[in-house]
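See structure below.
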Amino acid sequence: MKIYLKIWRQKDAASKGKMVDYTMEGIEGDMSFLEMLDILNEELITKGEEPIEFDHDCREGICGTCSLQINGRPHGPDTMITACQLHMRSFNDGDTITIEPFRAKAFPVIKDLIIDRTAFDRIQQAGGFISVNTSGHTIDANSIPIEKEKADDSFYAAACIGCGACVAACKNASAMLFTSAKVSQFALLPQGRVEATDRVLNMVRQMDIEGFGNCTNTGACEVECPKGISLENIARMNREYLSASLKG
Amino acid sequence: MTKLIQSSIARKVVMALSGIFLVLFLALHFTINFTSVISPDTFNEFSHFMGYNPVVQFLMQPILIAGVVIHFVMGIILEIQNNRARGVKYVQFKGSANAPWVSRNMIYSGAVVLAFLGLHFYDFWLHEMAFKYVEVNPEDPTRYYAETVEKFAPIWRTVLYVISFGLLSLHLWHGFASSFQTMGLNNKYTPAIVNFTKIYAVAIPLGFAFIALYHHFNPIIH
Ligand code: HEM
Ligand code: SF4
Ligand code: FES
């Protein structure tokens, strides 16, 4: 396949970036999207040019690092996958593919396609944990009975890999799906109820401080989330937040 | 108020509550208007009651106006903040791939409804205020039906009203069900809420459009 690429190049956080055109020949359908970029980078290095920086780690859809906006959608045209799970067979000979970093004021570009997602870490640090004494007296988790349904919902929420596709897809760059998944995974369990009030207040406050937008329930996040995190989590977080606010 | 503006979820709840309030008001407004098609006398009675009852005039009317103002001012604040939250814009953004048009364009359907409300206030509310408090005319419980019919005589006003009802329909199509999600309600009743929203969002604006067209064409036919 012959593929035309338009890729965002930006020297560093302070520079202004721009789209740069590249043409690639001999691309196989079985190549992954990131392999295609690897080949492009090898060509660039051989030519003595600066390779394109992009984030990746596991390349098996579990770490959430590979943040690429491909043809106007986070992680490209398929759903329920990360960019590393996308293959070139999803494209046709002669296609033009645009590749941009995920865009949000709270996710500033570090270089080329790499963004700074530490805003998510700070939301997590604001309350995405439970306080457990681990000094040798750890109680077995199974000693506390938990309804199967709640355990399942908590597990589904905990599947969030913090990739940021929800923010990238949202027309408002809202981080409600991520934050609600991180609130829900604990809110559903008895161990998490203890600190539930402070958790939701603090995490939502941090989310707002970071400068993410306001959710308007378009549902784009749920469609683009590689882990199928449901909008029900946002409703749950709103409930948690409202009752926590009333408690004061 | 400053605390409300500071929390994104609180801003959303203000939006949802004022929206639901307007949805309820719309149902009442529609019911009264619809009587004008069935019985001019009933319409006159209702209109006179609404126009001269002190509870309606001095309690409910200010609450309604406050509701509208809070809703659209908060809508504009959300829109500005949400635009800023993106920062550098995408070169290519395929919004249609993952979210319906109505949900992405609430500010535009809302803006048309707001422009319509401007015209609607000028047409009816300002006229009433002038009639009652500026010209200080005596009460006339039988004038409303004839005044309404006269308003819809020009085709341009009828057309503007009908177009606005179309945009109102789009606004409600997303907004009504969305406000339940905002209030934290997403459970086994959600499909029913979504279906009810669709019926409401089509039926009420269609009904309003029918009333406007009826009063435009009825005098021409008869
Ligand atoms: C009779 C008139 C109106 C009714 C019944 C109405 C109803 C609603 C409802 C129920 C919502 C959903 C709130 C939520 O998602 O939680 C909404 C959202 C919205 N409304 Fe209105 N609205 C009206 C007029 C207006 C006007 C005049 C504007 C002016 C710009 C406006 C702007 C917005 C915006 C921007 C949203 C989106 C916010 C969001 O999705 O969260 N609306 N409306
Ligand atoms: S909610 Fe989904 S899209 Fe958002 S960060 Fe988590 S895994 Fe990624
Ligand atoms: S590189 Fe880990 S999810 Fe794509």
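The values are calculated or read from the model by the stated rules, or taken from the named source; none is laboratory data. Bear in mind the structure is a predicted one, so any value in this text is a computation, not a measurement. When we count neighbours, we look across all protein chains shown, and the Cβ atoms used for this are built from the backbone with ideal geometry, even at glycine. Please note that ligands, DNA and RNA were not included when accessible areas were found on the heavy atoms of the full protein model with its side chains. Shrake-Rupley method; radii C 1.70, N 1.55, O 1.52, S 1.80 Å.
Could we say that A:I81 is away from ligand 3 (no atom under 14 Å from the Cβ), of a type outside the set (K, R), outside any strand (DSSP E or B) and not assigned by TED's automatic domain parsing to the domain that holds A:A169 here? So A:I81 fails the test.
Restricted to region A:56-75, and to residues that are within 10 Å of ligand 2 (Cβ to nearest atom) and outside any strand (DSSP E or B), which residue is surrounded by the fewest Cβ atoms within 10 Å (Cβ to Cβ)? Before you say what the answer is, go through the steps one by one.
Keep residues of region A:56-75 that are within 10 Å of ligand 2 (Cβ to nearest atom), which gives A:64, A:67, A:74-75.
Subset that is outside any strand (DSSP E or B): A:64, A:67, A:75.
Numbers: A:G64: 21, A:S67: 24, A:H75: 28.
Applying the filter and picking the extreme gives A:G64.
Could you please let me know if A:D78 is free of Cβ contacts under 8 Å to residues at least 24 places away in the same chain, open to solvent by 30 Å² or more (accessible area, probe 1.4 Å), within 19 Å of B:A97 (Cα to Cα) and within 15 Å of ligand 2 (Cβ to nearest atom)? Break it down into steps so the answer makes sense when it comes.
Values: free of Cβ contacts under 8 Å to residues at least 24 places away in the same chain: yes; open to solvent by 30 Å² or more (accessible area, probe 1.4 Å): yes; within 19 Å of B:A97 (Cα to Cα): yes; within 15 Å of ligand 2 (Cβ to nearest atom): yes.
When the stated conditions are applied, A:D78 passes them.
Given the condition assigned to a helix (DSSP H, G or I), within 15 Å of ligand 2 (Cβ to nearest atom) and either away from chain B (no Cβ under 12 Å) or touching a Leu at 6+ places or on another chain (Cβ under 7 Å) (or both), answer yes or no: does some residue in region A:157-164 qualify? Explain how you work it out, then say what you get.
The initial filter retains those residues of region A:157-164 that are assigned to a helix (DSSP H, G or I), namely A:157-158.
Now narrow it down to the ones that are within 15 Å of ligand 2 (Cβ to nearest atom): A:157-158.
Adding the requirement that they be either away from chain B (no Cβ under 12 Å) or touching a Leu at 6+ places or on another chain (Cβ under 7 Å) (or both) leaves A:157-158.
Yes, region A:157-164 contains a residue that is assigned to a helix (DSSP H, G or I), within 15 Å of ligand 2 (Cβ to nearest atom) and either away from chain B (no Cβ under 12 Å) or touching a Leu at 6+ places or on another chain (Cβ under 7 Å) (or both).
Taking the criterion of being outside any helix (DSSP H, G or I) and either without any contact (Cβ under 8 Å) to a residue 60 or more places away in the chain or touching a His at 6+ places or on another chain (Cβ under 7 Å) (or both), the residues of region A:226-248 that qualify are A:P226, A:L231, A:G248.
Filtering region A:191-248 down to residues that are among the acidic types (D, E) and either closer than 17 Å to B:T190 by Cβ or open to solvent by 20 Å² or more (accessible area, probe 1.4 Å) (or both), which residue is nearest to ligand 2 (Cβ to nearest atom)?
Applying the first criterion (among the acidic types (D, E)) to region A:191-248 yields A:195, A:198, A:208, A:210, A:222, A:224, A:232, A:240.
Filter again for either closer than 17 Å to B:T190 by Cβ or open to solvent by 20 Å² or more (accessible area, probe 1.4 Å) (or both), leaving A:195, A:198, A:208, A:210, A:222, A:232, A:240.
Details: A:E195: 21, A:D198: 22, A:D208: 17, A:E210: 14, A:E222: 8, A:E232: 12, A:E240: 16 Å.
Residue satisfying both the conditions and the ranking: A:E222.
Listed conditions (1) under 14 Å from the mean Cα position of the chain (by Cα); (2) among the hydrophobic types (A, V, I, L, M, F, W, C); (3) within 25 Å of B:E128 (Cα to Cα) are all met by B:I32, apart from (1).
Could you list, in sequence order, all residues of region A:208-225 that are in a loop (DSSP other than H, G, I, E, B), more than 16 Å from B:N83 (Cβ to Cβ) and at the interface with chain B (Cβ under 7 Å from one of its Cβ atoms)? Working first, answer last.
Quick first cut of region A:208-225, residues in a loop (DSSP other than H, G, I, E, B) only: A:210-219, A:225.
In the following step, the residues that additionally are more than 16 Å from B:N83 (Cβ to Cβ) were identified as A:210, A:217, A:219, A:225.
Those that are in a loop (DSSP other than H, G, I, E, B), more than 16 Å from B:N83 (Cβ to Cβ) and at the interface with chain B (Cβ under 7 Å from one of its Cβ atoms): A:N217, A:G219.
Condition check ((1) open to solvent by 30 Å² or more (accessible area, probe 1.4 Å); (2) away from chain A (no Cβ under 14 Å); (3) away from ligand 2 (no atom under 16 Å from the Cβ); (4) within 26 Å of B:S39 (Cα to Cα)) across all residues:
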site: B:G110; (1), (2), (3), (4): no, no, yes, no
site: B:L114; (1), (2), (3), (4): yes, yes, yes, no
site: B:F124; (1), (2), (3), (4): yes, yes, yes, yes
site: B:H127; (1), (2), (3), (4): yes, yes, yes, yes
site: B:V136; (1), (2), (3), (4): yes, yes, yes, no
site: B:Y145; (1), (2), (3), (4): yes, yes, yes, yes
site: B:K151; (1), (2), (3), (4): yes, yes, yes, yes
site: B:Y161; (1), (2), (3), (4): no, yes, yes, yes
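Looking only at region B:48-62, decide whether some residue is in contact with a helix residue (DSSP H, G or I) (Cβ under 6 Å, 6 or more places away or on another chain) and surrounded by 18 or more Cβ atoms within 10 Å (Cβ to Cβ). No, region B:48-62 contains no residue that is in contact with a helix residue (DSSP H, G or I) (Cβ under 6 Å, 6 or more places away or on another chain) and surrounded by 18 or more Cβ atoms within 10 Å (Cβ to Cβ). Residue check: A:L177 meets all listed conditions (1) in a helix (DSSP H, G or I); (2) more than 16 Å from ligand 1 (Cβ to nearest atom); (3) among the hydrophobic types (A, V, I, L, M, F, W, C) but one, namely (2).
Only a single item in (1) open to solvent by 60 Å² or more (accessible area, probe 1.4 Å); (2) modelled with pLDDT of 95 or more; (3) charged (D, E, K, R) is not met by A:D140, and it is number (2). Can you find a residue in region A:71-81 that is of a type in the set (D, E) and touching a Lys or Arg at 6+ places or on another chain (Cβ under 9 Å)? No: zero hits.
Hey, any hits in region A:172-183 for a residue that's at pLDDT 95 or above and surrounded by fewer than 22 Cβ atoms within 10 Å (Cβ to Cβ)? The answer is no; no qualifying residue exists.
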